[in-house]
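Note sheet for the following structure.
The values are calculated or read from the model by the stated rules, or taken from the named source; none is laboratory data. As the structure is a prediction and not an experimental result, all values here were calculated from the model. All Cβ positions, glycine included, derive from the backbone under ideal geometry; neighbour counts span all protein chains shown.
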Amino acid sequence: MLSESSKAVVEATAGVVAENSVTITSRFYPKMFAAHPELLRIFNHADQELGEQAQALAASVVAYAVQLIDPDAPSFRPVMERIAQKHVSLGIKPSEYTIVGKYLMEAIGEVLGDAVTPEIAAAWNEVYWLFALQLVSAEAMLYREHNVTAETARKEFEIIQRIDEAEDVVSLILRPVDGGPLFTHSPGQYVTVWADLPDGSRQPRQYTISTGPRPATRQITVRRVRATATAPAGLVSNFLHDHCPVGTTIELSFPAGDVLVDQSSDPLVLISAGVGITTTAAILDDVMRTQPEREIILAHADRSPSAHALYDVTSAAATRLARTRTHLWYEAGADEDSARARSAASGLMDLTAVDIPSNAQAFMCGPLPFMREARTTLLAKGIPPERITYEVFGPDLWAQNPENAESLSA
């Protein structure tokens, strides 16, 4: 709990800190990396280049501060749990919070200048350390649950098969090099892949395990991220596509993630777009084996039939389930013959005409604008917000935005 003296200071200064939060975090990262280049092996270079990591950190710190001073603010616990899951998959250590805290507070002082009195600095330092210590505690619990440490949370896997799933999408089947048992996982969880790139750098990326539990292998499905006018090419996705033939060894973390399916008998709605199909595929694969009588509604949107990854496996699983309805959308201009053969609609996903029971449990994975639109439609159909869960690839700018926090915690 924030001390009363610091609470008063944070209440008085939260607005100006929030207004300058992205500038602060954008200043913080370069200085920290200059002093501690080893941390570049933990952070996604593309997110840094696009500014998304800075936005995510800024939003999360501000949202955390708001819930400390406003008893009516949405709970920060779901966001905290999601961050902790991401961190343990990366092997974050408690000592690294000291480094982050040092350079974050220095950045606040540089951006706000003389306005940062010793009292203001002390109050925001208290906010940061409350935030950090809660994360350290949550992460320690997760490490204990898996009987690992930050140093032992990953192991070497060998690629034993590659499957071309669609345009620019490949599935990699991997097994542990040591022949030992796999960490258990729940459908919808992800692993961190650690890639040693040709230029000598090391980069982590998180990929959904795209099947249900397997006794001896893992499967990840990777979309190649090509460069665009506004974003760089994906370092790790292109590396995995171009430089990792069968026989290559890479390191994987133990599974993490909080997008989990309960074992109730309620109808299950799986909503995805693009490579978000990986979460749907994993959940569907598990339900096929554990709850084959459960009512399932599949809704997927993609650019075209040729870009639709995992279509064959998800379709095969759907046919083996007793109560499944499938709805597909391909963007206008897609291969009309193939789209027609799959009974797909043309254009963007539109759930308004889809019959969805009010007691359904919905899981979404795809771009943030897509999920916002889908969630709005589900709420209009009477689906309670607590029955809508989502996964997002990369920094979770939705959950860490205070105005959206309620959508995760409600």
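For the range 224-248, which positions are surrounded by 12 or more Cβ atoms within 10 Å (Cβ to Cβ), touching a strand residue (DSSP E or B) at 6+ places or on another chain (Cβ under 7 Å) and touching a residue at least 60 places away in the same chain (Cβ under 8 Å)? Walk me through it before giving the result.
Residues of the range 224-248 that are surrounded by 12 or more Cβ atoms within 10 Å (Cβ to Cβ), as a first pass: 224-226, 231-241, 243-244, 248.
Retained after the next criterion (residues that are touching a strand residue (DSSP E or B) at 6+ places or on another chain (Cβ under 7 Å)): 235-237, 239-241, 244, 248.
The answer is LEU235, LEU240, HIS241, CYS244, THR248.
For the range 231-254, what are the residues that are in a loop (DSSP other than H, G, I, E, B) and either among the hydrophobic types (A, V, I, L, M, F, W, C) or in the same structural domain as THR278 (by TED's automatic domain parsing) (or both)?
As a first pass, look at the range 231-254 and keep what is in a loop (DSSP other than H, G, I, E, B): 231-234, 243-248, 254.
Hits for the range 231-254 are ALA231, ALA233, CYS244, VAL246, PHE254.
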Check your understanding: Of all residues in the range 139-165, which are modelled with pLDDT of 95 or more and among the small types (Gly, Ala, Ser)?
Key -> ALA140
Exercise for review: For residues that are more than 17 Å from CYS365 (Cα to Cα) and either surrounded by fewer than 22 Cβ atoms within 10 Å (Cβ to Cβ) or more than 16 Å from the chain's Cα centre (by Cα) (or both), tally how many sit in the range 193-223.
Suggested key: 18
Study note, to complete from the structure: By residue number, the members of the range 122-161 that are out of contact with any Lys or Arg (no Cβ under 6 Å at 6 or more places or on another chain), part of a loop (DSSP other than H, G, I, E, B) and not polar (S, T, N, Q) are HIS146, VAL148, GLU151, ALA153
Point to revise | Conditions (1) touching a Lys or Arg at 6+ places or on another chain (Cβ under 6 Å); (2) surrounded by fewer than 23 Cβ atoms within 10 Å (Cβ to Cβ); number of the one not met by VAL275 | key: (2)
Check your understanding: Looking at the range 66-78, is at least one residue touching an Asp or Glu at 6+ places or on another chain (Cβ under 7 Å), in contact (Cβ under 8 Å) with a residue 60 or more places away in the chain, under 24 Å from SER237 (Cα atoms) and not aromatic (Phe, Trp, Tyr)?
Key -> no
Check your understanding: What number of residues within the range 255-272 are surrounded by fewer than 20 Cβ atoms within 10 Å (Cβ to Cβ) and either in a helix (DSSP H, G or I) or within 15 Å of the chain's Cα centre (by Cα) (or both)?
Key -> 2
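So which helices (runs of 4 or more DSSP H) stay within the range 335-410 end to end and still have 1 or more residues that are outside the structural domain of GLN85 (by TED's automatic domain parsing), among the aromatic types (Phe, Trp, Tyr) and at pLDDT 90 or above?
Those helices (runs of 4 or more DSSP H) span 368-380.
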Study note, to complete from the structure: (1) in contact with a His (Cβ under 9 Å, 6 or more places away or on another chain); (2) aliphatic (A, V, I, L, M); (3) assigned to a loop (DSSP other than H, G, I, E, B) all hold for VAL170 apart from (3)
Exercise for review: Looking only at the range 275-292, decide whether some residue is modelled with pLDDT under 95, part of a loop (DSSP other than H, G, I, E, B) and more than 27 Å from ARG162 (Cα to Cα).
Suggested key: yes
Review point. Within the set of pairs 6+ apart or on separate chains, which have a first residue in the range 321-338 that is free of Cβ contacts under 8 Å to residues at least 24 places away in the same chain, a second that is in a strand (DSSP E or B), and C-beta atoms under 6 Å apart?
Key: ALA332/SER346
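So, THR13, is that one over 21 Å from VAL191 (Cα atoms) and modelled with pLDDT of 95 or more or not?
Values: over 21 Å from VAL191 (Cα atoms): yes; modelled with pLDDT of 95 or more: no.
No: the conditions fail for THR13.
Would you list the helices (runs of 4 or more DSSP H) that sit entirely within the range 14-119 and hold 2 or more residues that are within 21 Å of ALA150 (Cβ to Cβ) and in the same structural domain as TYR190 (by TED's automatic domain parsing)? Write out each step before concluding.
On the way: elements: 21-35, 45-50, 52-69, 77-90, 95-112.
Output list is empty.
Going through the range 316-329 one residue at a time, which ones are among the small types (Gly, Ala, Ser) and surrounded by 17 or more Cβ atoms within 10 Å (Cβ to Cβ)? Walk me through it before giving the result.
Let us first name the residues in the range 316-329 that are among the small types (Gly, Ala, Ser), namely 316-318, 322.
Within the range 316-329, ALA317 is the sole residue that qualifies.
For residues in the range 138-180 being hydroxyl-bearing (Ser, Thr, Tyr) and over 22 Å from SER306 (Cβ atoms), which is surrounded by the most Cβ atoms within 10 Å (Cβ to Cβ)? Write out each step before concluding.
We begin by selecting, within the range 138-180, every residue hydroxyl-bearing (Ser, Thr, Tyr); these are 143, 149, 152, 171.
From what is left, the residues that are over 22 Å from SER306 (Cβ atoms) are 143, 149, 152.
Values: TYR143: 18, THR149: 12, THR152: 12.
That would be TYR143.
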Check your understanding: Does any residue in the range 155-173 that is closer than 11 Å to ILE220 by Cα and not assigned by TED's automatic domain parsing to the domain that holds VAL313 come within less than 8 Å, Cβ to Cβ, of a residue that is among the basic types (Lys, Arg) and surrounded by 14 or more Cβ atoms within 10 Å (Cβ to Cβ) six or more places away or on a different chain, and which pairs are these?
Key -> VAL169/ARG223; VAL169/ARG224; VAL170/ARG162; VAL170/ARG224; SER171/ARG162; LEU172/ARG162; ILE173/ARG162; ILE173/ARG218
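A quick yes/no check of all residues on (1) farther than 23 Å from GLY91 by Cβ; (2) outside any loop (DSSP other than H, G, I, E, B):
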| residue | (1), (2) |
| --- | --- |
| ARG175 | no, yes |
| SER186 | no, no |
| VAL191 | no, yes |
| THR208 | no, yes |
| PRO213 | no, no |
| ALA216 | yes, no |
| VAL222 | no, yes |
| ALA229 | yes, no |
Check your understanding: Restricting attention to the range 82-91, does a residue exist that is among the charged types (D, E, K, R) and more than 21 Å from the chain's Cα centre (by Cα)?
Key -> no
